[in-house]
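Visitor: After the structure tokens below, expect a handful of questions from me.
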Amino acid sequence: MALVEKLHRRIISIGLIPKFISKLSQLSLLCCVIGLGWLVFMLPSDGQFRRTYISENALLPSQAYSYFRESEWNILRGYRTQLDLFQYVSTTHDSNAEVSKWLQEFGVKTAIYDDEQYGETLYGIFHAPRGDGTEAMVIAAPWYNENREYNTGGAALAISLVRFFSRWPVWSKNIIIVLSEDPKASLRSWVTAYHTSLDLTGGSIESAIVLDYPGTSDRFDYMEIHYDGLNGETPNLDLVNVAVHIAEHEGIKVSLHGLPFSELDRNDYNSRLKTMLLGIKDSVLSGIKNCYGNEAFSGWRIQSLTLKAKGIDGPHDITTFGRVPEALSRSVNNLLEKFHQSFFFYLLLAPRYFISIGTYLATAVAVSVAFVFAALNQILNNKYGELPLLSIYNIWSILTFCISLVFAFATSQLFVYFPLPRVLLGLSGIFSVLPLLSRTRLRIQEPFSYRFKAFAYIYMAIVLTSLLVLNFSLAIVMGLLAFPMTRTTTIIESNLRLSIKNLVLLIISNPFIATWAVVNFVEPRLSGFKVFYALIEASQQLGCWTWYIICLGWYPSWLLVTYASIDAIEVQTPIKKE
Amino acid sequence: MVSSEWQVVWACFASRLAVSYLFPSLQQQLDRTVEFSTPVTSYRSLQEGAYLLLHNLPIYDGGVVHHVPLLVALMAFVQQAEFLMPVLFAAMDTLIAYQLMQIAKIYQRQLQIPSYIPGVVYAVNPLVLLSCVSQSTCLFVNLSISTSLLFALSRQFSLSAICIALAGYLSPYAYLLLIPLAGICGSNSFGLVVKCTLVSIVLQLISFKLNNDNWNYLTSTYWILITFSKIRPNLGLWWYFFIEMFEFFIPFFKSVFNIFVVSFIPPFTIRFNQQSFYAFVLCLGWITLTKSYPTLGDGGFFLSFIPFFKPIFGYLRYPVISTLLFIHAIILSPIFYYLWIGLGSGNSNFFYAISLVYALAISSVIVDLTWAMLRIEYDSGKPNLSLKLTQI
């Protein structure tokens, strides 16, 4: 205690606390800059990241020889030729019926799940010869991939892999093959149905591998691995590590987040930064941008990833691609327990490099603290700081906050039924301009201005903190984009320059304008107003929360700050001296 | 009674009823959360007990019911009118709000705040409101404690003894409050303890009779609190220790935890025997912090006494930090529980970390209040906020 005591006395004697309080505004900015700087400059630098390793010893990737080779080649080609024919001559219903016959030939029990809205899904279960049938692994291949290309190779691979597996006695987990219409809504609806209503089931699903090999080419260049789940979920790092390990063992180059082939060999600061930022982007937009299929399994404690073949004339053969899911299944099959705990929070800088949560979480925490400081600044650094707790200003501020929350909720719901992005953005623009237009006409009392902002920033800080471990990427991106609102000033004497500054800050920190602008900048496939439709679609079809987090977590604070930016008039408050 | 107090009472009653009847499924949802429901306070297990009683089945053999026989009998009695249960709970909660306002009236002179303020604080406290809507049986305990306190402060010691005996019968931790209560009673404390003992014996005998002349209810209602034999995650400090501990350490740590609960009750009472009401509140906070199956309802009940510390608010050193700790603990605990149980990406450390934050919040409030009490004592009751003191 003596040390703490000494420290305490020292802090008091040099007057650190008053200094600290008077500098809160700058400290808030500093925190945000530290957060951003840590993310951009520190994390991809040497010493901050580690080489990946397999945490669960039982996985033993590529320890067993992979047999999916020439002997399977003609079988695979046979299926592929048939499927290629189906895409032109038969409906999904008919081809499902035909494929289901093929699967039954080698002992797979099949059923068709018919979703009225999203089409039919064929699935089959091969019961484990050595297991008790309580656990399962999924191999999924949607008929069409995220680009609406016919997934001939992927589906043929899935079928021939299951046929190949069925000859082996080693399986201790059931193997489920899923052939759905698309990798998004229909696969998601099958996963939901599997856990709620289906009759033919094979136990709890431990892992899911989605195969994406469009076209009928025999050869491919390299493999993409997609692992970002919905709502910031990620599969256990072990599964990703095993996939990378196996692919590189087979000599296939692995690309993360769609990095082009030419950049795969680079390992410098820039390449790591690029991969990390692409990873954050993919995680934030997961489910909103094009889905690869692994997103469909989120939320049910299933570790899932998508393997995608890229290129058509590379050095690797389609059976090489097949050996990756084969060895992956062998590894997962080895698991006696679940995947290791707390191996779910990571950012990948390269297929073999990762940052663990302890290192990267500080960035988002710093941004969240920046909002707390901004809020304290609004409370302490003005003459209304001494107002009693139950003063009319606090009570009205809480009430106004509740009203803005209700308004934000109504906006989020109305937009679902009337998706009019132009109206939404226009309204945001009008709200931003209002304080400038009403400069001389409309005024609010000064303490309200400070209190509204304080409540807005505190709320934002709480939202960001609760998102920290749920969805790190969204927390940091939302925090950074919303931060400009904390730099708005309360204007007492009419000042055009400050009003215009406030207007700019409000416009760039508006949730809808910022989302729209940033997504247009980083994701060409969601250009224009597509992002808003995609947000609604993701929330309705996949259960992605991002739309509601933006509306309920960010918008109310912005509304309050906008209201607080109206020119204020000073109030004489009787400050009680005791 | 002043009209504003009536308004508070009606608003309190109406808000509870409105929430219960507007969101009928909320009760069951809250009863399933670990924050508002524990095996010993859950309404579901009380219903189970009532069902078993009505069908003449042994109540305590199944290991599901951990409520005392009288409560189960009461529940069995009123179960015919189950739709009126929210009314009963809302009425009890309102009664607590009313009693808090009565206590404020007793201390009117020192407090310098309108007497309806504690009632308002209680009525709008979301923890208490949700706990009431979840129909957690800790409300019975809280009501008994506040009734006993009110009677003791208005110098009706016999009634106070009966109420604290009832509270202790429902949850034995309340017996610890007999110590600060004896401090309030001063010279009458011997009578208080004797009366409390007698009433407790009578209550146990009635329970014995109700339970078909069988003492086995003692194990499932009281012994479970001491031995923590039903290991369920909750917001307390206990559960985490006993899920991964070597078998032979468990009895030692169980005794340490139990001693921990008791250890600070006499010191608080002795040190603050001049302000015995405040000693009582601090003891209440201490029990909330260290008991084996705490809920947010207990925490909310303790926080409802904060307005009575109004004269020493100026001395509090970190009320903002305590508030932020509470807000974060309460918001993050369901999220971390979901990460652990729902998604499986977190583990039990996550939730325990949050229950530690919650414990830190309660303890920072207790420490801050204790400091403020000592400070005002140093200034001989006349606040001198400009004087800076540090602890040695």
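Visitor: Counting only protein heavy atoms and a 1.4 Å probe, tell me what percentage of chain B's accessible area is made up of carbon and sulfur.
Guide: Working: 11710 of 16850 Å².
Carbon-and-sulfur percentage of accessible area, whole number: 70.
Visitor: Okay, next question. With every protein chain present, what accessible area does B:Arg32 have (1.4 Å probe, heavy atoms only), rounded to the nearest 10 Å²?
Guide: 140
Visitor: Hey, another quick one. Counting only residues 5 or more places away or on other chains, whose amide H sits under 5 Å from the amide H of A:Ala140 once H atoms are built in the peptide plane?
Guide: Under 5 Å from the amide H of A:Ala140 lie the amide H atoms of A:Val178, A:Ile209, A:Val210, A:Leu211, each far enough along the sequence or on another chain.
Visitor: Still on this structure, please answer the following. Could you tell me which of the pairs A:Lys19/B:Lys388; A:Lys274/A:Lys530; B:Lys195/B:Lys230 are separated by over 22 angstrom between their Cα atoms in the structure shown? Please list the in-between numbers first.
Guide: Details: A:Lys19/B:Lys388 17 Å; A:Lys274/A:Lys530 25 Å; B:Lys195/B:Lys230 33 Å.
Correct reply: A:Lys274/A:Lys530; B:Lys195/B:Lys230.
Visitor: What average count of beta carbons from other chains do you get within 10 Å of the Cβ of residues in B:328-336? List each step's numbers first, then the result.
Guide: Working: counts 4, 0, 0, 4, 6, 0, 1, 6, 3.
Per-residue shielding by partner chains comes out at 3.
Visitor: Note the direction-averaged projected area, equal to a quarter of the hull surface, for the Cα convex hull of the stretch A:37-137, in nm².
Guide: On the way: hull surface 52.5 nm².
For the stretch A:37-137, averaging the hull's shadow over all directions gives 13.1 nm².
Visitor: Evaluate peptide B:314-327: per residue, the Cβ atoms of other protein chains within 10 Å of its Cβ; return the mean as an integer. Mind showing how you got there, number by number?
Guide: Details: counts 1, 0, 0, 0, 0, 1, 5, 0, 0, 1, 7, 0, 0, 4.
The per-residue average across the peptide is 1.
Visitor: Okay, moving on. In chain A, carbon and sulfur make up what percent of the accessible area (probe 1.4 Å)? Can you show the working numbers first?
Guide: Values: 14610 of 24070 Å².
Exposed carbon and sulfur together represent 61 percent of the surface.
Visitor: So for A:His93, A:His226, what's the accessible-area order with a 1.4 Å probe, most first?
Guide: On the way: A:His93 105, A:His226 15 Å².
Final ranking, largest accessible area leading: A:His93, A:His226.
Visitor: Which angle between 0 and 90 degrees, to the nearest 10, do you get for helix A:269-284 versus the longest principal axis of chain A when only C-alpha atoms count?
Guide: Compared with the principal axis, the helix lies near 90 degrees.
Visitor: Helix-only estimate, please: 222 nm mean residue ellipticity of chain A, summing -39500 (n - 2.57) across DSSP H runs of length 4 or more and dividing by its residues, to the nearest 500.
Guide: On the way: 20 runs with 287 residues, N = 578.
After summing the helix terms and dividing by residue count, I get -16000 deg cm²/dmol.
Visitor: What accessible area, summed over both chains, is buried at the A-B interface (1.4 Å probe, Å², nearest 100)? Kindly include the intermediate steps, with their values, before the conclusion.
Guide: Values: alone 25050 and 17820 Å², together 40910 Å².
Rounded to the nearest hundred, the buried surface is 2000 Å².
Visitor: While we're here: If you average the sequence gap of Cα pairs under 8 Å that are 6 or more apart and divide by the length of chain B, what percent do you get for the contact order? Could the numbers behind the result be given before it?
Guide: Details: 523 pairs, mean separation 69.4, N = 392.
Once divided by the residue count of chain B, the mean separation gives 18 percent.
Visitor: By how many degrees, between 0 and 90 and to the nearest 10, does the Cα long axis of helix A:237-249 differ from the longest principal axis of chain A?
Guide: In chain A, helix A:237-249 runs at an angle near 50 degrees to the longest axis.
Visitor: How big is the accessible area of A:His249 in square angstrom, nearest 10, if you roll a 1.4 angstrom probe over the protein chains?
Guide: So the heavy atoms of A:His249 present about 120 Å² to solvent.
Visitor: With every protein chain left in place, what is the accessible area of B:Ile113 in Å² (1.4 Å probe, nearest 10)?
Guide: Per-residue accessible area (B:Ile113): approximately 20 Å².
Visitor: From Cα pairs below 8 angstrom and at least 6 apart in sequence, can you work out the relative contact order of the stretch B:244-291, rounded to a whole percent?
Guide: Values: 20 pairs, mean separation 17.7, N = 48.
Averaging sequence separation for qualifying contacts and normalising by length gives 37 percent for the stretch B:244-291.
Visitor: So what is log10(I(q)/I(0)) for the stretch A:118-176 at q = 0.16, 0.24, 0.29 1/Å, when the Debye sum runs over its Cα atoms only?
Guide: Here log10 of I(q) over I(0) equals -0.56, -0.96, -1.18.
Visitor: Among rounded, prolate and oblate, which fits the stretch A:64-351 when a ≥ b ≥ c are the square roots of the eigenvalues of its C-alpha gyration tensor, a/c under 1.5 means rounded, and a/b larger than b/c means prolate?
Guide: On the way: a/c = 1.37, a/b = 1.26, b/c = 1.09.
Cα axes put the stretch A:64-351 in the rounded bin.
Visitor: Which aspartates and glutamates have a Cα lying under 13 Å from the Cα of A:Lys23, excluding residues fewer than 8 positions away in the same chain?
Guide: none
Visitor: For the ranges B:212-225, A:439-452, B:242-255, B:285-298, what's the packing order if you count other beta-carbon atoms within 10 Å of each residue, average per peptide, and put the highest first? Kindly include the intermediate steps, with their values, before the conclusion.
Guide: Values: B:212-225: 16.1, A:439-452: 19.1, B:242-255: 11.1, B:285-298: 25.5.
Ranked from most to least packed, the peptides come out as B:285-298, A:439-452, B:212-225, B:242-255.
Visitor: List the DSSP H helices in chain B whose Cα atoms stretch 18 Å or more along the helix axis and whose mean Kyte-Doolittle hydropathy is at least 0.0. Numbers along the way, then the final one.
Guide: Details: long enough: B:3-22 (27 Å, 0.66); B:85-106 (32 Å, 1.22); B:138-153 (22 Å, 1.94); B:157-170 (19 Å, 1.99); B:189-210 (31 Å, 1.73); B:250-263 (19 Å, 1.59); B:276-290 (21 Å, 1.68); B:319-337 (27 Å, 1.87); B:348-378 (44 Å, 1.19).
Both cut-offs are met by B:3-22, B:85-106, B:138-153, B:157-170, B:189-210, B:250-263, B:276-290, B:319-337, B:348-378.
Visitor: So who's got an amide H within less than 5 Å of the one on A:Glu120, skipping anything under 5 residues away but keeping other chains? H placed 1.01 Å off N, in plane.
Guide: HN-HN under 5 Å from A:Glu120: A:Asp115.
Visitor: Rounded to the nearest 500 deg cm²/dmol, what is the calculated helix-only ellipticity per residue at 222 nm for chain B, with -39500 (n - 2.57) per DSSP H run of length n ≥ 4?
Guide: Mean residue ellipticity, 222 nm, calculated: -20500 deg cm²/dmol.
Visitor: Going by average Cβ density within 10 Å per residue, which order do the peptides A:16-23, A:533-540, A:196-203, B:93-100 take, highest to lowest?
Guide: Working: A:16-23: 11.9, A:533-540: 19.1, A:196-203: 14.0, B:93-100: 23.5.
Sorting A:16-23, A:533-540, A:196-203, B:93-100 by mean packing, highest first, produces B:93-100, A:533-540, A:196-203, A:16-23.
Visitor: Write down the Å³ per residue value for the convex hull defined by the alpha carbon atoms of the protein assembly as shown. Before the final figure, lay out each step's value.
Guide: Working: hull volume 196.3 nm³, N = 970.
Each residue corresponds to 202 Å³ of Cα convex hull volume.
Visitor: Same structure, new question: Determine the equivalent ellipsoid of chain A by diagonalising the alpha-carbon gyration tensor, then write out the semi-axes as square roots of 5 times the eigenvalues, largest first, rounded to whole Å. Intermediate results must be reported in sequence, preceding the final value.
Guide: Numbers: eigenvalues 547, 139, 81 Å².
Ellipsoid semi-axes (Å, largest first): 52, 26, 20.
Visitor: While we're on this one: Could you work out the mean count of beta carbons from other protein chains within 10 Å of each residue's beta carbon in A:462-470?
Guide: Mean partner-chain Cβ count within 10 Å for A:462-470: 4.
Visitor: In addition: Between B:His328, B:His67, B:His55, find the one with the highest GNM mean-square fluctuation for chain B; connect C-alpha pairs within less than 10 Å.
Guide: Ranking B:His328, B:His67, B:His55 by mean-square fluctuation puts B:His55 first.
Visitor: Here's a follow-up. With an 8 Å Cα cut-off and a minimum separation of 6 or more residues, compute the relative contact order for the stretch A:64-351 in percent. Mind showing how you got there, number by number?
Guide: Values: 571 pairs, mean separation 67.1, N = 288.
Worked out over the stretch A:64-351, it gives 23 percent.
Visitor: Sticking with this structure for a sec: So if I take the alpha carbon set of the stretch A:431-578, get Rg, then get Rh from the Kirkwood formula, what is the Rg over Rh ratio?
Guide: 1.05
Visitor: Then there is this: Expressed as an acute angle from 0 to 90° and rounded to the nearest 10, what is the orientation of the C-alpha long axis of helix A:24-37 relative to the principal long axis of chain A?
Guide: The two axes meet at around 20 degrees.
Visitor: Next question. Leaving ligands and nucleic acids out of the surface, order B:Lys310, A:Lys184, A:Lys308, A:Lys338 by accessible area at 1.4 Å, largest first.
Guide: Numbers: B:Lys310 65, A:Lys184 35, A:Lys308 10, A:Lys338 120 Å².
Result of the area sort, largest leading: A:Lys338, B:Lys310, A:Lys184, A:Lys308.
Visitor: Test of understanding: express the Cα radius of gyration of the stretch A:133-254 as a ratio to 2.2 N^0.38 Å, with N the residue count.
Guide: Details: Rg = 14.8 Å, N = 122, 2.2 N^0.38 = 13.7 Å.
Normalised Cα radius of gyration, the stretch A:133-254: 1.09.
Visitor: Going from most exposed to least, what order do A:Thr91, A:Thr152 have by accessible area with a 1.4 Å probe? Display every interim value, and only then the final one.
Guide: Working: A:Thr91 80, A:Thr152 0 Å².
Correct descending sequence by accessible area is A:Thr91, A:Thr152.
Visitor: How large is the accessible surface per residue of the protein assembly as shown, computed with a 1.4 Å probe and reported in Å² as a whole number?
Guide: Using a 1.4 Å probe on heavy atoms only, each residue of the protein assembly as shown averages 42 Å².
Visitor: Please state the Cα pair-distance histogram of the stretch B:3-378 with 20 angstrom bins from zero: what percent is in each bin?
Guide: Computed distribution, short to long bins: 28, 62, 10, 0.
Visitor: Hey, got a sec? Which chymotrypsin sites (Phe, Trp or Tyr not before Pro) in the stretch A:57-113 land in a DSSP loop and have at most 10 other Cβ atoms within 10 Å?
Guide: Values: sites: A:Tyr65, A:Tyr67, A:Phe68, A:Trp73, A:Tyr79, A:Phe86, A:Tyr88, A:Trp102, A:Phe106, A:Tyr113; in loops: A:Tyr65, A:Tyr67, A:Phe68, A:Phe106.
Loop-located and lightly packed - A:Tyr65.
Visitor: Going Cα to Cα from A:Lys310, which lysines come in below 18 Å? Please leave out same-chain ones fewer than 8 positions away.
Guide: A:Lys253
The values are calculated or read from the model by the stated rules, or taken from the named source; none is laboratory data. Computed from a predicted model, the values in this text were never measured in an experiment. As a convention, Cβ positions derive from the backbone with ideal geometry for all residues, glycine included, and neighbour counts pool all protein chains shown. All accessible areas refer to the heavy atoms of the entire protein, side chains included, with ligands and DNA or RNA removed. Shrake-Rupley method; radii C 1.70, N 1.55, O 1.52, S 1.80 Å.
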